[in-house]
Amino acid sequence: MSTAIPSISALVKLIDDPDEDIFLHVRDEIVKYGSKAIPYLEKSWEEDYYGLVFQSRIENIIHDIQFEEVKSNLEEWSNCPEKELLEGAIIVAKYQYPGLDEESIRSFIQTIKQDIWLELNDHLTAYEQVKVFNRIFFKSHKFHGDNKNYHSPVNSYINTVLESKKGNPLSLCLIYSIIAQSLDLPIYGVNLPNHFVLAYIDERGSGAMINQENEFGVLCYINAFSNGVIFNTSEIKQFLDELKLPHNREYFEPCSNSAIIKRMLTNLISSFQRVGNSEKVEELILLRNIIQGN
């Protein structure tokens, strides 16, 4: 047996020490062990009742360990050249749901992909592909925008969005684009101010579909929050005009996966600011600052 095992047990028993300096030292030592210390902490929380302070300290240490793990995973993701979008979304969800079943998320997305794949064929136009995708995604699987609790943080976590079938513009676009790209459909997120939409890229140079000028190499845009409504460049221009914003290229073209995950964290920061949870706001800002670039 590793010498580390009894060391964790011994440290856990010191958590209730009344000397704050001793407790902080014990806490720091336990955190160094990472997630392998959590079973010992949970066992002590259940069996060794030394009062509310003791239990509160254990809960905080567990949270600190899990938060450090999320930070580490996000740093690794941010430094990875591929930056898989689904992986990034799962890391963000683990901030709130550290024990989530990652495999069930991937399996469910695979099921939706399979259902859509069965309806697609090589003879469909881009427009027809989107219509098929929308029918399966929004009608068969019943995904929809959450207008009632738009700012709720659960609308930003991929596991809860997949479970409830409702989310905000970003989370719905994220799931939509992950599935689309896995089907070789060139559909990517567009970081529009105050909203998030999708762009079907004209990878084959096939010319206009509904976007007459075929500006920015986009055949059409898709609003996943509104059940996949298809629209064109002129409507984005009108939207920007209403907001009195310039027609910057970044508002018409696909953004990076880093930008999507950063915006997901920004949405969560806003959600927790609304309910006055300053502790979560501070932690989420730390996570957002990890992501390099835009």
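For GLY99, the test of being assigned by TED's automatic domain parsing to the domain that holds ASN267 and either within 15 Å of TYR176 (Cβ to Cβ) or surrounded by 12 or more Cβ atoms within 10 Å (Cβ to Cβ) (or both) is failed.
Could you please let me know if LEU174 is among the hydrophobic types (A, V, I, L, M, F, W, C), surrounded by fewer than 24 Cβ atoms within 10 Å (Cβ to Cβ) and modelled with pLDDT of 95 or more?
Criteria not met by LEU174.
Could you tell me whether any residue of region 191-202 is touching a Leu at 6+ places or on another chain (Cβ under 7 Å), in a loop (DSSP other than H, G, I, E, B) and among the charged types (D, E, K, R)? The answer is yes, given that some residue of region 191-202 is touching a Leu at 6+ places or on another chain (Cβ under 7 Å), in a loop (DSSP other than H, G, I, E, B) and among the charged types (D, E, K, R).
A search for C-beta distances below 6 Å between a residue of region 4-16 that is exposed (fewer than 15 other Cβ atoms within 10 Å of the Cβ) and any residue that is assigned to a helix (DSSP H, G or I) and modelled with pLDDT of 85 or more, counting only pairs 6+ apart in sequence or on different chains, returns SER9/TYR40. Within region 84-100, does at least one residue satisfy the condition of being at pLDDT below 95, out of contact with any strand residue (DSSP E or B) (no Cβ under 9 Å at 6 or more places or on another chain), over 30 Å from GLU42 (Cβ atoms) and not in a helix (DSSP H, G or I)? Checking region 84-100: not a single residue is at pLDDT below 95, out of contact with any strand residue (DSSP E or B) (no Cβ under 9 Å at 6 or more places or on another chain), over 30 Å from GLU42 (Cβ atoms) and not in a helix (DSSP H, G or I).
Checking the conditions here, which among PHE137, PHE108, PHE196, PHE143 is farther than 23 Å from ASN73 by Cβ and either out of contact with any Lys or Arg (no Cβ under 8 Å at 6 or more places or on another chain) or surrounded by fewer than 19 Cβ atoms within 10 Å (Cβ to Cβ) (or both)? Step through it out loud before you land on a result.
Values: PHE108 fails: farther than 23 Å from ASN73 by Cβ; PHE196 fails: either out of contact with any Lys or Arg (no Cβ under 8 Å at 6 or more places or on another chain) or surrounded by fewer than 19 Cβ atoms within 10 Å (Cβ to Cβ) (or both); PHE143 fails: either out of contact with any Lys or Arg (no Cβ under 8 Å at 6 or more places or on another chain) or surrounded by fewer than 19 Cβ atoms within 10 Å (Cβ to Cβ) (or both).
Just a single option satisfies the conditions, and that option is PHE137.
From PHE133, PHE231, PHE225, grab the single residue that is touching a His at 6+ places or on another chain (Cβ under 8 Å) and under 25 Å from GLU253 (Cβ atoms).
Details: PHE133 fails: touching a His at 6+ places or on another chain (Cβ under 8 Å); PHE231 fails: touching a His at 6+ places or on another chain (Cβ under 8 Å).
Residue meeting the stated conditions: PHE225.
What number of residues within region 271-294 satisfy the criterion of being part of a loop (DSSP other than H, G, I, E, B), touching a helix residue (DSSP H, G or I) at 6+ places or on another chain (Cβ under 7 Å) and surrounded by 13 or more Cβ atoms within 10 Å (Cβ to Cβ)?
Quick first cut of region 271-294, residues part of a loop (DSSP other than H, G, I, E, B) only: 275-277, 291-294.
Next cut, touching a helix residue (DSSP H, G or I) at 6+ places or on another chain (Cβ under 7 Å) only: 291-294.
Those still in the list that are surrounded by 13 or more Cβ atoms within 10 Å (Cβ to Cβ) too: 291.
So the answer is 1.
Of these, ASN257, ASN227, ASN232, which one is within 15 Å of LEU198 (Cβ to Cβ), surrounded by 13 or more Cβ atoms within 10 Å (Cβ to Cβ) and modelled with pLDDT under 95? After ruling out the rest, the residue left standing is ASN232. Reported count of residues in region 60-83, each being surrounded by fewer than 13 Cβ atoms within 10 Å (Cβ to Cβ) and assigned to a helix (DSSP H, G or I), is 3. Would you check if there is a residue in region 43-58 being surrounded by 12 or more Cβ atoms within 10 Å (Cβ to Cβ), on the phi < 0 side of the Ramachandran plot and not in a helix (DSSP H, G or I)? Yes, because at least one residue in region 43-58 is surrounded by 12 or more Cβ atoms within 10 Å (Cβ to Cβ), on the phi < 0 side of the Ramachandran plot and not in a helix (DSSP H, G or I). Annotation note: of LEU185, LEU174, the sole residue that is among the aliphatic types (A, V, I, L, M) and in a loop (DSSP other than H, G, I, E, B) is LEU185.
Looking only at region 235-246, residues that are without any contact (Cβ under 8 Å) to a residue 40 or more places away in the chain and surrounded by 13 or more Cβ atoms within 10 Å (Cβ to Cβ) come to 2 in all.
The values are calculated or read from the model by the stated rules, or taken from the named source; none is laboratory data. Quantities reported herein were computed from a predicted structural model and do not represent experimental measurements. Here the Cβ is made from the backbone with ideal geometry for all residues, glycine too, and neighbour counts use every protein chain on show.
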